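The values are calculated or read from the model by the stated rules, or taken from the named source; none is laboratory data. In this text the structure is predicted, and so the values were computed from the model without any measurement. FYI the Cβ positions are ideal-geometry reconstructions off the backbone, even for glycines, and counts take in every protein chain you see. Please note that ligands, DNA and RNA were not included when accessible areas were found on the heavy atoms of the full protein model with its side chains. Shrake-Rupley method; radii C 1.70, N 1.55, O 1.52, S 1.80 Å.
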Amino acid sequence: MRLATIGTNWITSLFIEAVEETAGIELAAVYSRSQQKAEAFAEQHSAPLIFTNLETMAESEEIDCVYIASPNSLHFEQAMLFLKNKKHVICEKPIFSNTAEFEAAHRKAEENGVFLFEALRGIHTPNFKELKKQLNSIGKVRNVLLHRNKYSSRYEDVLRGEVPNIFSLQYSGGALVDLGVYPLSIAAALFGKPDKSSYSAAMLSTGVDGSGSLVLEYSEFVCTILCSKISTSYNSSEIQGEQGTIQIDDTGSLAEIYLIDNHSGERHVIGEVESAENMKYEIAAFLQIIGNADWTEYEKLTQISREILGVTEAARKQNGIFYPSDKEEMR
């Protein structure tokens, strides 16, 4: 599989490093609007081809799939271009700005016989799979608290009166769609669609949420998700059951997970020491689905992404956060 990338940021570099550790895929091309940036990024990662025009790259017979890591609001238009040209698309989270874009893009992928993935790396890791397997060990789930709170250096720009992409309505930013997606993906993959959801946001002058509390109501428990780009938490996340508790150090990496027995107090490690390039697990999963035309697994991943986007869209609406691409009926 010959891969092209859109974006010359740190997350794209991490993805390429994970590609280098994964059999069956290789970096074929990079894109940047700037020739200078494209050349520098290509040299950094030994990319054979450079593009500064997206249409030309999408039409190239030298690539099979594309990884999109551009600002959030650009994902849809770029994905549609490559899907139309029969290229598989891996789109960094959040996959799109709203569910209308999501459904349109998936229709385009189906029309052209290609796959469209959201890069939710955490749910593809061996540690997450072990966590899911061990969920029955804690008995009936009664309370869940998941969070991703990390102070952003770009918030300093906001305080100076600027509007960075991640804090911008124009670029579909905000804390929930940027950081809240990490714990929300865990909840969606473990528990499915909630019966009800509500979001209380701390709004910023830029028109998006700087932090917030998302409550997901299920039939027998409540899952509370905290997210913030204007403060940092040093506490663990927890899934609390009647027989024990699963403790997660970081919902972004899932590097350390523990199971604590309520009766004995014993604390056991769940999972293993994973590769630092933990994006390689999602890449391997995508390659397996493409190679085997595994539509069953593909639909499972599609449904998880659909549920996440449905929750974040409703949460934004509750707080009056509307992106330029949102349809009138959402407003």
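Brief remarks on what is shown
- One residue from Ala58, Ala23, Ala4 being small (Gly, Ala, Ser) and assigned to a strand (DSSP E or B): Ala4
- Qualifying residue in region 23-30 (condition: open to solvent by 50 Å² or more (accessible area, probe 1.4 Å), free of Cβ contacts under 8 Å to residues at least 40 places away in the same chain and either in contact with a Ser or Thr (Cβ under 9 Å, 6 or more places away or on another chain) or among the β-branched types (Val, Ile, Thr) (or both)): no
- Where a residue in region 200-213 is under 12 Å from Ile166 (Cα atoms) and in contact (Cβ under 8 Å) with a residue 24 or more places away in the chain and its partner, wherever it lies, is of a type in the set (Gly, Ala, Ser) and surrounded by fewer than 17 Cβ atoms within 10 Å (Cβ to Cβ), with Cβ under 7 Å and at least six apart: Asp209/Ala202; Gly210/Ala202
- In region 277-304, of all residues being closer than 24 Å to Ile16 by Cβ and of a type in the set (D, E, K, R), the one that is surrounded by the fewest Cβ atoms within 10 Å (Cβ to Cβ) corresponds to Glu277.
- Consider region 7-19 and keep the residues that are touching a residue at least 40 places away in the same chain (Cβ under 8 Å) and part of a helix (DSSP H, G or I). The one that is nearest to Gln36 (Cα to Cα) is Thr12.
- Answer residue from region 97-113, given it is without any contact (Cβ under 8 Å) to a residue 40 or more places away in the chain and buried (at least 19 other Cβ atoms within 10 Å of the Cβ) and is farthest from Cys65 (Cα to Cα) among those: Ala105
- Of the strands (runs of 3 or more DSSP E) lying entirely inside region 240-282, those containing at least 2 residues that are at pLDDT 95 or above and over 20 Å from Thr224 (Cβ atoms) span 257-261.
- All conditions in (1) open to solvent by 40 Å² or more (accessible area, probe 1.4 Å); (2) within 22 Å of Tyr155 (Cβ to Cβ) hold for Glu217, with the sole exception of (2).
- Flag if Lys108 is in a loop (DSSP other than H, G, I, E, B), under 21 Å from Ala293 (Cα atoms), of a type outside the set (Val, Ile, Thr) and out of contact with any Asp or Glu (no Cβ under 6 Å at 6 or more places or on another chain): no
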